[in-house]
Structure formats: C-alpha cells, structure tokens
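Visitor: Got a structure for you, questions after.
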Amino acid sequence: MATNGEQPVALVVGASRGIGRQVAIDLAANGYAVVVAAKSYSKDPNTTPFPPDPNSRASTITTVEREIREAGGKATAIPVDTSDAASVERLIARTIATYHRLDVLVYNSGAIWWGPVEDTTMKRFQLMQRVNVEGLYGAVQAALPHLKRRGTGRIVVVSPPIYSRFFRGKTAYAVGKVGMSVLTKGLAMDFERQGLRGMAVTSIWPAVSIESAATEPFSRKDPSFANDLRKPTIFSEAILAMLSAPASVVNGQLELDEDFLRRHAGITDFSKYSVMAGSSPRRIMPAELPDLTVKEQDDEGMRHDSVEDRKAKL
C-alpha cells in the first residue's frame, strides 16, 4: 500500500463473482480504491435481495461496486471483455482516468473447459487462450507503464504451479493457464534485469477447491461436495499477504494459497476457511512441486534481443 498518504488503487479483473468478488471486497476493506472489472454488468444496482448470491449470475461488477461502497469503501465498476484486446486497453485507460494511478493488478478472469484434445473444438480452444493468456498479456502490457511509475507495482495472476499432472484431461485449458504462469516467470526476470527491485509479479492457485461459480454446479449435484470446499477468503487473505511481503520474496513465485499463508503469515489452523464447519477438505494440489531451474540457469549464451535488433536497423 502507498505510504505517502495517497490511497493505493487495485484493479481486479474477473471480479463479478466468487473468488474475484471476495478479492475486490477485501482489498477495499484494507484501504484500496478498487476497480471492479468483468464482462457481467447490470444496469440496475438496486437488485433484490441484496447482496445477491456471490456465486450466481445476479452478482455482477455493479453489485460488487455497491457492496464495497455500502461498506464504506471506494470502488468503480468498469466492464471489460478480456477476449478483446481493445476492451482491455480501454479498461486500463478508464482506470487511470478515474484514479490517476495504478498500484496493483489482479488478473482472475478465466475461461474453463476440461476435456481431451479431440473433444475440444478449435473455437473453444481459441476462446480459452484469448481470455486466459492473451487477456492477461494485454492487461499486463497496458498496465505496466502505470505500475512502473512509482517502481513498486504488483501483479497477481491466478494461475497454477507448473507440473505434469495438471495437464491430464484438460490439455487445452492447461495450455493457457500454464502459459499465464510462464508469463509470471518471464516478467519477473524482466523486472530483475531492469533493476526494478520494488516490482513483483506472483501467481497464486488454491491448494484446496474453493467455493465459487465454478464449483457451484458440483455442490448442487451433490451437497456433500461442500465438505471438500473452502471459503474464498483464504484466497483473498493470501493475496493481501503477498502484497504486504517484500517484492524480492514474491517476485516470480508460483504459490499456493494455503502454503503461502503457512510460510509467510504463520497460519497453521485452516479450519476457519472450511465451508462446512468441522470438515477437513481434501487437498487437490501436490505436497511438493518440481523446481523449474536448471544448473545453467544464469548461462544465456549469446542473448538475442529483437527490440535492440530493430532499433539498430532504424
């Protein structure tokens, strides 16, 4: 957060329901002015009942903005289609026009389809890439000049650690989500190479399934499924802890919410996050993840920079 008396600004992309909504609400409760962005926009903010079910289509960026404002926070709802690069650019431009700064970008937008390659059409594959990895890339590129202005900008990406089991049965989805994690790793290296030691980009993923719009159909089909769910507050609290951590601790890391809170927030009892009191939700992520570094990590050989090559030709 800003320490010069100015209110810091966070943009949460994919904030209309579930996890994104909770992140936006908790950032506002912790002093951020929040831009609530997603495709789902409703004209009438006086929906009843209020607040709506956070995992239903009745929850939109408009109702989330209202929730934050009625709780005493500052928020602005801005619609965006993350599959459209121009729409993403307009989102960043409107954010800056409204608040004149940007300190945090949280990219939670996502398209999901789990199935074998032969059963995943090209149209569906392309949509996932446009919303997931291309949407993230566009948001990051448009936001970077503003995040770098004070040299302390933070980016949080909802994408997984990279490990082989994640690809099974959902290859097309994994292509985009793992691509998002690759962006986290690569951009972190850019920050280091450019000497931007106050900047950080971090990926986060749930260790245990979280109650959200994505899990709601499973709970509706089998109510006992709720025993294996956690509340989205675990995710938002992990993100707040990341934003409070030194940039050097989180830059380029692919983190799990529970593990990060255990290591950096000292939390050992996670029972308060269980949707069903007294339940012990099953962990869906591996206890140990592979190290992606190699012995020759710092040996790039003859480094090629296309930007420098183009400048030399001008």
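Visitor: Anything in the stretch 224-276 that is hydroxyl-bearing (S, T, Y) and out of contact with any His (no Cβ under 9 Å at 6 or more places or on another chain)? List them, or say none.
Guide: Matches in the stretch 224-276: S224, T233, S236, S248, T268, S271, Y273, S274.
Visitor: While we're here: Would you mind stating whether R124 is among the charged types (D, E, K, R), in a loop (DSSP other than H, G, I, E, B), out of contact with any Leu (no Cβ under 9 Å at 6 or more places or on another chain) and over 19 Å from A38 (Cα atoms)?
Guide: So R124 does not fit the description; no.
Visitor: Right, next: Within 20 Å of the chain's Cα centre (by Cα) and not basic (K, R): which single residue out of A97, A71, A58, A38 fits that description?
Guide: A38
Visitor: Kindly indicate which of E70, E65 is surrounded by 18 or more Cβ atoms within 10 Å (Cβ to Cβ) and not hydrophobic (A, V, I, L, M, F, W, C). If you could, list the steps in order and put the result at the bottom.
Guide: On the way: E70 fails: surrounded by 18 or more Cβ atoms within 10 Å (Cβ to Cβ).
Result: E65 is the single residue among E70, E65 that is surrounded by 18 or more Cβ atoms within 10 Å (Cβ to Cβ) and not hydrophobic (A, V, I, L, M, F, W, C).
Visitor: Right, here's the next one. Looking at S87, S83, S109, which one is among the hydroxyl-bearing types (S, T, Y) and touching a Pro at 6+ places or on another chain (Cβ under 9 Å)?
Guide: Result of the check over S87, S83, S109: S87.
Visitor: Sticking with this structure for a sec: For a quick check of your reading of the model, give me the residue pairs whose first member lies in the stretch 288-314 and is more than 16 Å from M189 (Cα to Cα), whose second is at pLDDT 70 or above and in a loop (DSSP other than H, G, I, E, B), with beta-carbon atoms closer than 9 Å and at least 6 apart or on different chains.
Guide: Note: pairs meeting the criteria are L289/P161; L289/I162; L289/Y163; P290/P161; P290/I162; P290/Y163.
Visitor: Would you mind stating whether R69 is out of contact with any Asp or Glu (no Cβ under 9 Å at 6 or more places or on another chain) and farther than 25 Å from N132 by Cβ?
Guide: Considered against the rule, which asks whether it is out of contact with any Asp or Glu (no Cβ under 9 Å at 6 or more places or on another chain) and farther than 25 Å from N132 by Cβ, R69 comes out as yes.
Visitor: Hand me the list of helices (runs of 4 or more DSSP H) wholly inside the stretch 151-249 holding 2 or more residues that are surrounded by 22 or more Cβ atoms within 10 Å (Cβ to Cβ).
Guide: The qualifying helices (runs of 4 or more DSSP H) are 171-193, 233-244.
Visitor: OK, next. Which residue pairs have Cβ atoms closer than 6 Å, lie 6 or more positions apart in sequence or on different chains, and pair a first residue in the stretch 198-220 that is within 18 Å of P54 (Cα to Cα) with a second residue that is aliphatic (A, V, I, L, M) and surrounded by fewer than 22 Cβ atoms within 10 Å (Cβ to Cβ)?
Guide: That search, which allows pairs on different chains as well, returns S209/I284; E211/V275; S219/A226.
Visitor: Here is a further query. Please work out which one of (1) surrounded by fewer than 21 Cβ atoms within 10 Å (Cβ to Cβ); (2) under 18 Å from the mean Cα position of the chain (by Cα) is the condition M122 fails and give its number.
Guide: (2)
Visitor: What's the number of the only condition in (1) more than 26 Å from E211 (Cβ to Cβ); (2) surrounded by 17 or more Cβ atoms within 10 Å (Cβ to Cβ) that A86 fails to meet?
Guide: It fails just one condition, (2).
Visitor: Let me ask something else. State which residue pairs qualify: first residue under 23 Å from S203 (Cβ atoms) and inside the stretch 96-125, second residue in a helix (DSSP H, G or I) and of a type in the set (S, T, Y) in any location, beta carbons under 7 Å apart, and separation of 6 or more residues or different chains.
Guide: Short answer, once both residue conditions are applied: L102/T95; I112/Y173; W113/Y173; W114/Y173.
Visitor: Right, next: Among the residues of the stretch 250-297 satisfying the criterion of being assigned to a loop (DSSP other than H, G, I, E, B) and of a type in the set (S, T, N, Q), which is farthest from T215 (Cα to Cα)? Quick ask: steps written out before the conclusion?
Guide: Filtering the stretch 250-297 for residues assigned to a loop (DSSP other than H, G, I, E, B) gives 251-253, 265-270, 275-282, 284-297.
Narrowing further to those that are of a type in the set (S, T, N, Q): 251, 253, 268, 279-280, 293, 297.
Working: N251: 30, Q253: 26, T268: 25, S279: 17, S280: 17, T293: 34, Q297: 39 Å.
Among those residues, the one meeting the criterion is Q297.
The values are calculated or read from the model by the stated rules, or taken from the named source; none is laboratory data. Computed from a predicted structure; not experimentally measured. Glycine also receives a Cβ, built like all others from the backbone with ideal geometry; neighbour counts cover every protein chain displayed.
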